[in-house]
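The values are calculated or read from the model by the stated rules, or taken from the named source; none is laboratory data. No experiment lies behind these values; they were computed from the predicted model shown. When we count neighbours, we look across all protein chains shown, and the Cβ atoms used for this are built from the backbone with ideal geometry, even at glycine. Remember, those area values only see protein heavy atoms, side chains included, never the ligands or the DNA or RNA. Shrake-Rupley method; radii C 1.70, N 1.55, O 1.52, S 1.80 Å.
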Amino acid sequence: MAYETILVETRGKVGLITLNRPQALNALNGQLIGEINQALDGFEADAGIGCVVLTGSEKAFAAGADIKEMQSRSFPGTYLDDKFADWDRIGRRRKPIVAAVAGFALGGGCELAMMCDFIIAADNAKFGQPEINLGVIPGAGGTQRLTKAIGKSKAMDLILTGRMMGAEEAERSGLVARVVPLADLLAETLKAAEAIAAKSLPSVLMAKESVERAFEVTLQEGLRFERRVFASLFATADQKEGMAAFAEKRKPDFRNA
Ligand code: CO8
């Protein structure tokens, strides 16, 4: 598969997607979103892949949706052509996706990072939803995911003023899982992704699905869902292997079965 706007590699059991439009600070045009989905389709179908890492450059994870591409859009066109569907597909993947964010993660770039399961940020990362400066609002989930991630007050602050928030504030707010030095960003994120990919894939997928439920349903419904999923994992060979390995003081040999 020849990609023009991303680089795609596998590192052991980890799929690595690097956004690659340096001339536009990785601004997310339709082609790039399409290519991310193609790469994710491949990783989802590849039984050898257990986790995906999505990253950008040292200067920009992504500086937003491509403003020049959006500039001449009309209301009916924007409403009818449903470009949002391609973005939504990124946020509905089954295998975990970890965002490694350095530099700017603005507008659609921040939204793309939030579609991932968690974010590891470099110390130079800058997050923001500056759409208000363009006379619009976030359109790929920013008003919803940012508010759920960091709460109403801070989400309102960022979305209404359009200001940027540094890595330290983003970690304090709960938007990012950890902050690491820029030079270590990819290595640290790959290490986390490798650790995930080494687990039993059914348990990883079910853990992800269960955490996602917390955003969708009541506490009681979520607890019921978790209990069913927990019980169902006792039907896997990997549960037997994982617990036997603990008792025998050895590393488990998971077979995703
Ligand atoms: N779109 C298009 N081009 C961009 C974008 C962008 N979002 N961001 C940067 N670029 C381009 C610049 O135009 C410039 O190109 P050129 O050299 O040809 O003029 C190049 O990248 C380098 O940018 P700068 O010279 O501006 O670099 P600076 O280091 O001076 O500034 C900033 C960096 C502060 C990040 C600045 O580029 C900036 O403010 N960018 C725009 C940030 C922004 O407003 N993002 C939000 C966009 S709107 C959005 O994301 C809505 C999402 C809804 C999705 C729904 C889809 C259906």
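Per-structure values
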item	result
Answer residue from the range 213-244, given it is under 25 Å from the mean Cα position of the chain (by Cα) and among the aromatic types (Phe, Trp, Tyr) and is nearest to Arg145 (Cα to Cα) among those	Phe215
Residue list for the range 144-181, filter: assigned to a helix (DSSP H, G or I), surrounded by fewer than 16 Cβ atoms within 10 Å (Cβ to Cβ) and not basic (Lys, Arg)	Gln144, Ser153, Met156, Asp157, Leu160, Thr161, Glu168
The lone exception for Thr236 - which of (1) under 23 Å from Phe43 (Cβ atoms); (2) among the β-branched types (Val, Ile, Thr); (3) open to solvent by 50 Å² or more (accessible area, probe 1.4 Å) it fails	(3)
Number of positions in the range 182-228 that are of a type in the set (Ser, Thr, Tyr), without any contact (Cβ under 8 Å) to a residue 24 or more places away in the chain and either within 17 Å of Ala47 (Cα to Cα) or open to solvent by less than 60 Å² (accessible area, probe 1.4 Å) (or both)	1
Candidates Arg94, Arg172, filtered to the one that is touching a Lys or Arg at 6+ places or on another chain (Cβ under 8 Å), more than 26 Å from Pro22 (Cα to Cα) and basic (Lys, Arg)	Arg94
